[in-house]
Amino acid sequence: MEGEGDLATQESALVTSQGCTFTASYAAQPGTLPPIYNVTVTRAADAACAYGAGSVVVGTSTGTAPSLSLVANDLGVAVSYTYKSSVSGSAPQSLGIKHVAPDTLDIVRSAGLSVYLGRGSIYSGSLSIASDGTTLTVYGTKNGTIYGQTGTGNTYLASYPDFFTSTTSPSIMTF
């Protein structure tokens, strides 16, 4: 169908790291039913970028199009995406978070959030980098309990201290 590709692809805002411009996007793998969406981080071939163009698939979502968020600074690129591992309507939706190296496009760190025992879903996860330049924060909505959360409610704020340089677990507040 004409225009079908437009429905299966989404790009997020442009971000820069080490002089390079990055985007996150998703697209359905050809010939998959239910659709399996690849989440890709792409580096543009900017004049200021010493590394050239490239891309890396950071995750997939089965049957449900992911929502994306992308941030970067000179320490790295962080992308979040919602995903389902099964097409089942009762399957929970979770959030994947990846740290991508700006130069090699290697996945340096994999993290994520999910509802305890799969009894609920993570619906969104907007990323930001705190003013200290090293703490990654994720803000979004969910239902159910995220393991380790404090507070109650369906909105969460997860803070990953030194996200780009450590594997420290997040603190998660809900309200």
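Can you name the residue in region 157-173 that is among the β-branched types (Val, Ile, Thr) and part of a loop (DSSP other than H, G, I, E, B) and, of all such residues, is farthest from residue 141 (Cα to Cα)? Walk me through it before giving the result.
Of the residues in region 157-173, the ones among the β-branched types (Val, Ile, Thr) are 165, 167-168, 172.
After this cut, where a residue has to be part of a loop (DSSP other than H, G, I, E, B) as well, the list is 165, 167-168.
Working: 165: 27, 167: 24, 168: 22 Å.
Taking the candidates together, the pick is 165.
Against the condition surrounded by fewer than 23 Cβ atoms within 10 Å (Cβ to Cβ), farther than 14 Å from residue 18 by Cβ, out of contact with any strand residue (DSSP E or B) (no Cβ under 6 Å at 6 or more places or on another chain) and among the polar types (S, T, N, Q), how does residue 90 come out, does it pass?
Values: surrounded by fewer than 23 Cβ atoms within 10 Å (Cβ to Cβ): yes; farther than 14 Å from residue 18 by Cβ: yes; out of contact with any strand residue (DSSP E or B) (no Cβ under 6 Å at 6 or more places or on another chain): yes; among the polar types (S, T, N, Q): yes.
So residue 90 passes the test.
Can you pull out every residue in region 116-175 that is touching a helix residue (DSSP H, G or I) at 6+ places or on another chain (Cβ under 9 Å), on the phi < 0 side of the Ramachandran plot and surrounded by fewer than 17 Cβ atoms within 10 Å (Cβ to Cβ)?
Scanning region 116-175 gives 145, 147.
Do you know which residues across region 88-126 are of a type in the set (Ser, Thr, Tyr), outside any loop (DSSP other than H, G, I, E, B) and at pLDDT 95 or above? Steps first, answer last, please.
Applying the first criterion (of a type in the set (Ser, Thr, Tyr)) to region 88-126 yields 88, 90, 94, 104, 110, 114, 116, 121, 123-124, 126.
Keeping just the survivors that are outside any loop (DSSP other than H, G, I, E, B) gives 94, 110, 116, 121, 126.
Once the filter is applied, which keeps residues that are of a type in the set (Ser, Thr, Tyr), outside any loop (DSSP other than H, G, I, E, B) and at pLDDT 95 or above, region 88-126 yields 94, 110, 121, 126.
What's the number of the condition residue 51 fails, among (1) under 16 Å from residue 23 (Cβ atoms); (2) assigned to a strand (DSSP E or B)?
(2)
With the structure loaded, tell me whether residue 108 is in contact (Cβ under 8 Å) with a residue 60 or more places away in the chain and either of a type in the set (Asp, Glu) or in contact with a strand residue (DSSP E or B) (Cβ under 9 Å, 6 or more places away or on another chain) (or both) or whether it fails that test. Let's see the steps before the verdict.
Working: in contact (Cβ under 8 Å) with a residue 60 or more places away in the chain: no; either of a type in the set (Asp, Glu) or in contact with a strand residue (DSSP E or B) (Cβ under 9 Å, 6 or more places away or on another chain) (or both): yes.
Criteria not met by residue 108.
Taking the stated definitions as given, is residue 30 at negative phi and free of Cβ contacts under 8 Å to residues at least 12 places away in the same chain?
On the way: at negative phi: yes; free of Cβ contacts under 8 Å to residues at least 12 places away in the same chain: yes.
Yes; evaluated as a whole, the condition is true for this residue.
When you go through (1) closer than 25 Å to residue 46 by Cα; (2) in contact with a Phe, Trp or Tyr (Cβ under 7 Å, 6 or more places away or on another chain); (3) modelled with pLDDT under 95 one by one for residue 74, which number turns out not to apply?
(2) is the only condition that residue 74 fails.
The values are calculated or read from the model by the stated rules, or taken from the named source; none is laboratory data. All values reported here derive from a predicted model rather than from experimental measurement. Cβ coordinates were reconstructed from backbone atoms using ideal geometry, including for glycine residues, and neighbour counts include every protein chain displayed.
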